Structures are given as C-alpha cells and as structure tokens.
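The values are calculated or read from the model by the stated rules, or taken from the named source; none is laboratory data. Fair warning: this is a prediction, and the values are worked out from it, not measured in the lab. Using ideal geometry, Cβ is built from the backbone for each residue, glycine included, and neighbour counts are taken over all protein chains shown.
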Amino acid sequence: QIFRRAKYAPLKIEKHQGAFALVAGQDIGAGEFIIEFIGKVSDADTVKDSVRESSSSLLDHDIPFVLFCKDEEDNEVCIDARRRGNIARFIHHSCSPNSVTSVVT
C-alpha cells in the first residue's frame with residue numbers, strides 16, 4: 001500500500017560540500033517509512049566486478065547511486081540506480097546510520 005500510494009517522507013535534494021544529498025523536509029519519526037530505493041536489482045558481486053574493471057578504484061563499497069543490502073536469505077544484493085532510479089539515489093552512506101534498509105519483494 002505504501003508503494004502504490006507513494007506515501008514517502010517529505011524529501012528534497014540539496015547541495016552539500018559540492019555533492020547532492022537527499023534531505024528530510026521535516027522530522028521523520030522512528031520506524032517511519034522514508035522512501036523506496038528504485039533501481040535494477042543485480043547480484044552484488046557482478047556489479048562490484050564491473051566497477052573494478054571500468055575504474056582503477058578498489059573501493060567497491062562506495063559506488064555512487066548503488067545500494068548494497070542483504071535479502072531475506074542473507075545474500076548480498078545490489079540495487080543499481082546509476083542509469084535509472086528516483087531521488088533515493090541521493091541518500092548518503094554513513095558509518096553511523098540513523099535509518100535501516102528493508103528489502104521488500
């Protein structure tokens with residue numbers, strides 16, 4: 001129901017330290033749905049390998065517009081929003097996050 005009606009938190013894109021970032025337009029309560037991350041669902045290793053081949057970077061955990069997460073069987077999957085996605089692709093990664101990712105199938 002949440003996805004069909006697009007009941008996302010009020011969000012906006014702002015420029016911070018030379019990069020675009022997704023920012024909440026108002027406080028978001030604990031456990032409240034923020035936004036659906038839209039992109040091509042792929043095997044995480046396939047995406048990491050393709051990034052390593054196309055660049056000299058060995059840091060495959062920090063690919064812009066790509067979300068790595070675990071599915072319900074604890075396999076690492078990738079949602080790749082580099083070519084197609086929504087404003088969720090501007091969510092910044094954090095070593096001390098204040099939100100969690102849930103895989104919905």
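Below, the figures for the structure above:
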quantity	calculated
Which numbered condition Asp71 misses (of (1) modelled with pLDDT of 85 or more; (2) touching a strand residue (DSSP E or B) at 6+ places or on another chain (Cβ under 6 Å))	(1)
Candidate set: the stretch 74-102, residues that are of a type in the set (Val, Ile, Thr) and closer than 24 Å to Pro10 by Cβ; chosen: the one surrounded by the fewest Cβ atoms within 10 Å (Cβ to Cβ)	Val100
